[in-house]
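The values are calculated or read from the model by the stated rules, or taken from the named source; none is laboratory data. Just so we're clear, the structure is a prediction, and the values are computed from it rather than from any experiment. Ideal geometry is used to build each Cβ from the backbone, glycine not excepted, and the neighbour counts take in all protein chains shown.
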Amino acid sequence: MADPVAAARSSCLFQLRQLRMVRSSLTLEAAKTLVHAFVSSRLDYCNSLLYVIGDGLLTKLQTAQNAAACVVTGTRKFDHVTPVLRQLHWLPVRQQITFRLAIITFKCLHGLAPSYLADVCTPVSSIVGRWQLRSANSGALVVPRTRTTIGRRDFAVAGPATWNSLRIDLRTSSLSRDTFAKKNSKLIYLAASALEVFSNWALYKLTYSYSYSKMQYISHWAWKYKTEQKAHKFARS
């Protein structure tokens, strides 16, 4: 997957360099339209195939989206980009992949997708011997077992797994496609924001704990060195 990701990122950055030269002549809405046409369309193309992709490859695509947000809003290069994405109502790349898989699975369950996709989305309630399980009443789907990363990218695994990760009210209610997409997008974005806050807090705690441990280590050896110096002077006297 490295080559397609590199090609998509390179193409997006090329388009952004062209847009940056005319950005001052465009309104905000016109800039959004052009970015969606030339950049977002490339990031979203077949992005469900990037499910459980490595963080290194995903970061390359995220940098392209961050650059697009900076071009649209005029944000400086080293400013924090998460508030900008929230202002534009853009899902981060990883959450966009989850959102796309959830929409495809929704279409499969409501007869809006091809049969070769709908056939792999099997509700737990339709399995003989499992209709009495608690998961059968929550609208969960059967997730086939797999031991490989490539197997987890298969829609037969990725689709049901993503669907089961949604809230129960989204899985069991009879919503229209647009209403489901709106609610699902909002919940996924809130989850992404909460994950970022938790990650920042964990990083702060880890840095603080490391610094405190390092200070304790240095203080211990400083005290030991002074004690040895005093003992050495006392022995000489």
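Only one entry in Asn184, Asn164 is under 19 Å from the mean Cα position of the chain (by Cα), under 22 Å from Asn47 (Cα atoms), surrounded by 13 or more Cβ atoms within 10 Å (Cβ to Cβ) and at pLDDT below 85, namely Asn184. With respect to being farther than 23 Å from Gln95 by Cβ and touching a residue at least 40 places away in the same chain (Cβ under 8 Å), Leu13 falls outside the description. The residue that is farthest from the chain's Cα centre (by Cα), counting only those in segment 24-50 that are loosely packed, with under 14 Cβ neighbours inside 10 Å and outside any helix (DSSP H, G or I), is Thr27.
Only one of (1) surrounded by 17 or more Cβ atoms within 10 Å (Cβ to Cβ); (2) assigned to a helix (DSSP H, G or I) is not met by Ile53, so which one is it? Among (1) surrounded by 17 or more Cβ atoms within 10 Å (Cβ to Cβ); (2) assigned to a helix (DSSP H, G or I), the lone unmet condition for Ile53 is (2). Screening Cys121 with (1) touching a Leu at 6+ places or on another chain (Cβ under 6 Å); (2) within 17 Å of Leu16 (Cβ to Cβ) gives one miss only, at (2).
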